[in-house]
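> Take this structure, written in structure tokens, and hold onto it; I'll ask about it next.
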Amino acid sequence: MRIAVLASGKGSNFQNLVNLSRDGILDIEIIKLITNKSNAGCINKAISSKIRYEVINDKDFKTSEEFEYQIINALSNNQIELIVLAGWMKILSERFVNSFKNRIINIHPSLLPSFKGNKAIERAFINKSLITGCSVHFVVPEVDSGELIVQAALAIKSDENIEDLKEKIHSLEHIILPQGISEAGLIIRS
């Protein structure tokens with residue numbers, strides 16, 4: 001399956017997908033990485049993996065519509081079957097989502113519908129939740145509200161700190177994101 005990854009950060013999920021694809025474990029071809037930050041760590045991962053990337057920074061555009069239009073063009077010109085949001089820190093408009101209806105998935109660091117939006121891990125920790133986890137879901141215009149594809153849960157231990165919890169959740173993300181891509185691919189291609 002031809003995928004594009006949108007990422008804003010370090011790119012650990014992106015690198016995991018690159019590794020799984022390269023090793024023949026996940027049947028995907030990563031056509032392109034798009035990031036909105038020129039200093040994002042995912043860029044170095046794309047360069048070292050010889051995957052095309054493009055920086056499309058929202059600050060370079062007068063409106064969010066122009067910014068999204070540029071991304072839509074970059075994706076449309078590459079016959080992308082599935083768009084994977086892996087640490088993409090921008091909310092997509094209804095127009096963007098509808099341009100790729102039922103072909104965008106997101107990895108979110110909580111057990112949705114709990115802790116939608118930003119800083120989900122921190123909010124679960126501060127609220128003294130007993131369990132948390134991560135979710136892969138289809139993207140709809142309402143933030144973190146699309147149909148769930150797969151989730152994974154873990155206990156929040158009383159003696160761990162926020163950094164330990166973040167690391168555990170990111171490790172779980174590396175397990176369920178490939179599963180979510182496989183499931184989404186079956187749905188898209190059926």
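> Among residues belonging to segment 147-157 that are in a loop (DSSP other than H, G, I, E, B) and more than 25 Å from A184 (Cα to Cα), point out the one that is least open to solvent (accessible area, probe 1.4 Å).
Restricting to residues being in a loop (DSSP other than H, G, I, E, B) and more than 25 Å from A184 (Cα to Cα), the top hit is I156.
> Counting just the residues of segment 58-96 that are free of Cβ contacts under 8 Å to residues at least 40 places away in the same chain and of a type in the set (S, T, N, Q), which one comes out most open to solvent (accessible area, probe 1.4 Å)?
Out of the qualifying residues, it is N77.
> Would you check which residues across segment 97-124 are over 15 Å from A152 (Cα atoms), crowded, with 16+ Cβ neighbours inside 10 Å and in contact with a His (Cβ under 8 Å, 6 or more places away or on another chain) and list them?
Within segment 97-124, I105 is the sole residue that qualifies.
> Name every residue in segment 125-146 that is more than 20 Å from W88 (Cα to Cα), of a type in the set (A, V, I, L, M) and either assigned to a helix (DSSP H, G or I) or open to solvent by less than 70 Å² (accessible area, probe 1.4 Å) (or both), in order of residue number.
I126
> Then there's this: Which one of S38, S49 is closer than 23 Å to M1 by Cβ and hydroxyl-bearing (S, T, Y)?
Answer to the selection: S49.
> When residues of segment 158-190 are filtered for being of a type in the set (S, T, N, Q), free of Cβ contacts under 8 Å to residues at least 40 places away in the same chain and assigned to a helix (DSSP H, G or I), how many remain?
Total meeting the criteria: 1.
> Another question about this same structure. Would you check which residues across segment 1-25 are under 16 Å from I176 (Cα atoms) and in contact with a Ser or Thr (Cβ under 7 Å, 6 or more places away or on another chain) and list them?
V18
The values are calculated or read from the model by the stated rules, or taken from the named source; none is laboratory data. In this text, all values refer to a predicted model and were calculated from it rather than measured experimentally. Don't worry about glycine lacking a Cβ; one is built from the backbone with ideal geometry, like all the others, and counts go over all protein chains shown. Ligands, DNA and RNA are excluded from the accessible area calculation, which covers all protein heavy atoms including side chains. Shrake-Rupley method; radii C 1.70, N 1.55, O 1.52, S 1.80 Å.
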